[in-house]
Each structure stands twice: as structure tokens, then as C-alpha cells.
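One structure is given here, and the rest of the page talks about it.
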Amino acid sequence: MDRTRASATAALTVAAACAALLTGASSAQAATSYVGDDCSSSGNKKCFRIHYNSRSETTTQSRSACLATNRSRSDHYGYSPNGASYVRWVFRSFPSDAYGGMYHPCDPTGDGQGVYHNAASAWNQDPYAAYAVYSETGYGGQNKWYPKADGYARNLGSGIKNHNGAHKRYA
């Protein structure tokens, strides 16, 4: 490549980089992943589940898509593990065997929706810890307590339902 062509190529590269900066484009936008399973329990049988829909008055479980977890998360929107990528928390439909081998048909309602400000109920199957769901990120605002693996899903309170911001594990 001659010197004129190399200079033109370099100028185009610089112009493209400047245009990307001016339009607000970032490489992190392309590196977003969507996670609905944040539980390290084998087969997800001992997890805390945050559900998209409310629990029916005729059952003790929530059956809509959920975020399965056994960790505290200070922001239900997501987080950046390294500054170059972003992890978004979303609801996922899990097969019925994810619920401790019991038969629970999973309703796909909410599958793929973001967890932040979209949760209606939760169900704690973690025998080692209690959890609280908070209305604000950083564990602030109103909260709803979920005792250790008691077998009952509970609807979030009116100040938290569809206004959830975080959850915390209490071991």
C-alpha cells in the first residue's frame, strides 16, 4: 500500500472512531448478556426465585418465568463484571424438574423480560438462607422478607410489586 492510501485509510479510521464517540455508541452495548439463572445449586433445586407474575390464591407456588439465584444482587437491572461487558437480569422459564422434582408446569409469561421493576412474587427454596426483596437498588426502600425454604411463594407488597430494585441473601 502506498503512503497516500495508508494516510487515507488512517483518516477514515479516525473519522469513524470520532463519529462513534459523538453518537454515543460504545463497545459495551454489543457485549450485553441476558441471564436468568444466577444459582449455583445443582439442578437449581435450592434457589430463591423472583417471579414475573403474582402467586395465585389457589396455589402455594408461583409458576411464571423467574430469576433463579442464591446470591445477593444490589441492582435488579444488572451489573458490569469488567467494565467492558454488561449482564442484564431477566426472567426465564425453567423446566418443571428445576422445582425440586415436583411437577409444576412452567408458564412462560414474562420469559425474557428484565427483572428490574417487573417482579410480582418470590419463592424461597434455599434451605440455608432467608432473603429480602427491596424496592430500591442498593438494598434500600421497602422490603419483603422470605424465610428459609418454607415452601410458599409470596406476592410482593404493593410498594415493591413491579417496583423491585434489589434482593439480599441472609445466611
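The values are calculated or read from the model by the stated rules, or taken from the named source; none is laboratory data. From a predicted model like this one, the values you see are computed outputs, not experimental measurements. Accessible surface areas use protein heavy atoms only, side chains included; no ligands, DNA or RNA. Shrake-Rupley method; radii C 1.70, N 1.55, O 1.52, S 1.80 Å.
Distance distribution note for the stretch 115-171: the fraction of Cα pairs above 15 angstrom is 40%. Close amide H contacts of Ala129 (hydrogens built in the peptide plane, cut-off under 5 Å, sequence separation of 5 or more or a different chain): Ala149.
Ordered by 1.4 Å accessible area with all protein chains kept, Asp38, Asp150 run largest first as Asp150, Asp38. The stretch 74-95 and the stretch 132-167 have Cα centres separated by 18 Å.
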